[in-house]
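Report on the following structure.
The values are calculated or read from the model by the stated rules, or taken from the named source; none is laboratory data. Just so we're clear, the structure is a prediction, and the values are computed from it rather than from any experiment. Methodologically, a virtual Cβ is constructed for each residue, glycine included, from the backbone with ideal geometry; neighbour enumeration extends over all protein chains shown.
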Amino acid sequence: MVTNWPAGQRVVFGGDYNPEQWPRATWEEDVALMREAGVNFVSIGMWAWSLLEPSEGDYNFEDYDHLINLLHDNGIAVDLGTPSASPPSWFYHKYPGARVVHRDGTVVTNGSRGAAAPTSPQYREAAAKIAGKLAERYADHPGVVMWHIHNEYGAPVSHDYSDNARRAWPLWLQERYGTLDELNRAWGTAFWGQTYFDWDHVGLPAISASVTNPAQRLDFARFSDAQLRECYLAEYRAIREFSDKPITTNFMANECPATDVFAWAKEIDIISNDHYLTAEDERNFVGLSLAADLTRGAAGGAPWMLMEHSTSGVNWQPRNVAKLPGELARNSLAHVARGSDSVLYFQWRASRFGAEKFHSAMLPHGGKRTKVWQEVVELGNRLTKFDDVQGSRVHSEVAILWDTESHWAQDLEWRPTIDHDHKERTRAFYERTWRDGITTDFVHPSADLSSYKLVLVPALYLLSDADAENLRQYVAGGGTLVVSYFSAIVDENDTVHANGYLGALADVLGLQVEEFHPLRANNTVQVSGLAGTLSADVWVDDLMINSAQVQANYVDGPLPGAPALTRNSFGEGQAWYVGTRFGIEELAAVLAGAYRDAGVVVVEKPEDLELVVRRGDREDFLFAINHTTQTASVALEQLGAMFGGTPPAGTLEVPAGEVTVLRVDRNSPRGWSTL
Ligand code: GAL
């Protein structure tokens, strides 16, 4: 991963720019308005293949020459996208077999985007070729500061069941397993008589009469992810032949389940992410924080780029709720608070035609009189003061484990209850820490955990022995671990651990899970032993206690009197087990003991005053984001714990809906000022 920020030391501001949709006269107006708004960085090219290569092998770079020069002359850095997310119509006409086929056999048509199959050799070759041509032409252009391959790999289509996929699949499996015996063992094909005797007989897990072999489907998720990554790497290599500038591809880190972000991150120079609020979720700013923290996790804590978000409503959700005054800045700065060194939107100018004409933009259809434009200009100006923030890093004492493979496995059919959702569990644990003013990192279960005081494990269904050993070492060395139900159930082949549920974590937790007791729809259970009696739902584990100490019991439900929450001392550390589904409110009491064990401090503050610290070399930056409609205050001495410095006496007051950024000189208690 490169550490050199591509566009000077500044938090970059701008967004996707799609000038193909406009005449050249508008480009002149665009750059003038960009300057007015403080835009210093745009991404171009993602949808320009038809313009750049109107027929096979016949290139037109004249428009882009003009455009890139124009942007450069106006001080606007270019993130040059490769157009592989949308091949031209001639490509589909010439290579009809390169189109994606859905699981039910439907062949997608072009006339949209994302229709090319990642397994198609013709597609891979054409995509790498146009990427290489762009790199050859613009590698040395001073205005081009980085490369942006493709757009959101895995969206809109990730799994392809075409003939090309059918040919590539057995080859990938041979590489993974070597022999058919090994494949038969890993997939447990003895079940339902599925044994394979010839590689050619191993089909794609398309729709079958009943449930398809879950290990086969899990491998197909891995295969599909690997195919996308191969496409990315082919373009990466084509660009590297000509340029050593940083390369990115934009994730939808937690919204595109098809890509394993931690695996991808190893191949990307600067991690970037797109995030769109879930309009229906009234607390969608928490989902935003989660996405940002996950992206920072993929970046290994390094500065990352918010490549896209919206200035107001989007166009593709059931109800596209527009942002209220102040929300734009709160959202954008929350990403910065959590490590993004960019504020970039989709898109610069609202499209007059096409599928996204109702999507908000920096420059809306209503032009400069609009509230959105004014808020954009205001934020652009504000960000000019953020140069020293660039490169500072978020520091966390708490981690949440995230493993895409576990999510893939958990999302398959025939699980104990349809009411369990790993996303919901992750959000619940995350939101609890968010409300408690604790910043969390997302890390893979194989990561070095030694710097964390507390590690939370929400529904980590799939856990390999090697990763379980990592958790064991963490607790043995003094860490505090909190594990929720439906964790460590299976290994990497979706096979139940040989010693039963919890596998290699059983001794760490001091218990085993005998049986799951999912509840009927809308049923609840009461749990006593914590702060009064707490309600829980969806899931009840029947536990066999070994060395664990019971902290709370069920009052009613299928197992009255049985343990619901336990704590076990293991080595130098503590391991907690939560056997039922507590809501976010109830989790406060559930996690209190673990916080105590770990020495994690809960900041006394209004729940929806978001506080995050970025640490620079000498200075820290505290972002205080008030998501409420009233002034929110926090005693400065409370913040000492977040900084490790000595704060002055007094109170930080953040006006309703606003964002205050405090700049703190760690060596001087008087060095507190607002940015
Ligand atoms: C993103 C995509 C953009 C645009 C945007 C609309 O996922 O990368 O091209 O479609 O959604 O919200």
Checklist outcome for this item: Of the listed residues (TRP402, TRP434, TRP414), the one being more than 17 Å from the chain's Cα centre (by Cα) and among the aromatic types (Phe, Trp, Tyr) is TRP414
Checklist entry - Has region 482-502 got at least one residue that is under 30 Å from ALA635 (Cβ atoms), in contact with a Leu (Cβ under 7 Å, 6 or more places away or on another chain) and crowded, with 24+ Cβ neighbours inside 10 Å? => result yes
Next on the checklist: One residue is enough: does region 350-359 have a residue meeting the conditions within 16 Å of the ligand (Cβ to nearest atom) and either of a type in the set (Asp, Glu) or buried (at least 23 other Cβ atoms within 10 Å of the Cβ) (or both)?
Outcome noted: yes
Checklist entry - Residues VAL612, VAL634, VAL600: which one is touching a Lys or Arg at 6+ places or on another chain (Cβ under 8 Å), in a loop (DSSP other than H, G, I, E, B) and modelled with pLDDT of 90 or more? => result VAL600
Checklist entry - Which residues, taken from region 8-30, are crowded, with 22+ Cβ neighbours inside 10 Å and more than 16 Å from the ligand (Cβ to nearest atom)? => result VAL11, VAL12, PHE13, ASP30
Checklist entry - (1) in contact (Cβ under 8 Å) with a residue 12 or more places away in the chain; (2) within 29 Å of ASP341 (Cβ to Cβ): which one isn't true of SER673, the others all being true? => result (1)
Checklist entry - Among the residues of region 320-342, is there at least one that is over 23 Å from PRO6 (Cβ atoms), among the β-branched types (Val, Ile, Thr) and away from the ligand (no atom under 16 Å from the Cβ)? => result no
Item to check | One residue from ALA531, ALA562 being more than 33 Å from the chain's Cα centre (by Cα) and within 30 Å of ALA632 (Cβ to Cβ) | outcome: ALA531
Checklist entry - Can THR524 be described as of a type in the set (S, T, N, Q), out of contact with any strand residue (DSSP E or B) (no Cβ under 7 Å at 6 or more places or on another chain) and surrounded by fewer than 24 Cβ atoms within 10 Å (Cβ to Cβ)? => result no
Item to check | Matching residues in region 170-217 - criterion: being in contact (Cβ under 8 Å) with a residue 24 or more places away in the chain, crowded, with 17+ Cβ neighbours inside 10 Å and not in a loop (DSSP other than H, G, I, E, B) | outcome: PRO170, TRP172, LEU173, ALA186, TRP187, PRO214, ALA215, GLN216, ARG217
Item to check | Residue match in region 94-110 (condition: modelled with pLDDT under 95, surrounded by fewer than 17 Cβ atoms within 10 Å (Cβ to Cβ) and β-branched (Val, Ile, Thr)) | outcome: yes
Item to check | Residue in region 439-460 that is touching a helix residue (DSSP H, G or I) at 6+ places or on another chain (Cβ under 7 Å) and farther than 30 Å from ARG393 by Cα present | outcome: no
Checklist outcome for this item: Reported set for region 243-261 where residues are part of a loop (DSSP other than H, G, I, E, B), among the hydrophobic types (A, V, I, L, M, F, W, C) and more than 21 Å from TYR123 (Cα to Cα) is MET252, ALA253, CYS256
Checklist entry - Just one of the numbered conditions (1) free of Cβ contacts under 8 Å to residues at least 60 places away in the same chain; (2) within 14 Å of the ligand (Cβ to nearest atom) is not true of HIS275; which one? => result (1)
Checklist outcome for this item: Within region 285-311, restricting to residues that are in contact (Cβ under 8 Å) with a residue 60 or more places away in the chain, crowded, with 21+ Cβ neighbours inside 10 Å and not in a helix (DSSP H, G or I), the one that is nearest to the ligand (Cβ to nearest atom) is GLU308
Checklist entry - Of all residues in region 412-430, which are more than 17 Å from PRO214 (Cβ to Cβ) and touching a strand residue (DSSP E or B) at 6+ places or on another chain (Cβ under 7 Å)? => result ASP419, ARG425, THR426, PHE429, TYR430
Checklist entry - Are any of the residues in region 100-113 in a loop (DSSP other than H, G, I, E, B) and touching a helix residue (DSSP H, G or I) at 6+ places or on another chain (Cβ under 6 Å)? => result yes
Checklist entry - Looking only at residues in region 154-169 that are in contact with a strand residue (DSSP E or B) (Cβ under 8 Å, 6 or more places away or on another chain) and in a loop (DSSP other than H, G, I, E, B), which one is nearest to the ligand (Cβ to nearest atom)? => result ASP160
Checklist outcome for this item: For region 519-556, the count of residues that are more than 24 Å from LEU502 (Cα to Cα) and of a type in the set (S, T, N, Q) equals 7
Next on the checklist: Would you confirm whether or not region 47-57 contains a residue that is within 16 Å of the ligand (Cβ to nearest atom), touching a Pro at 6+ places or on another chain (Cβ under 6 Å) and under 30 Å from LYS266 (Cα atoms)?
Outcome noted: yes
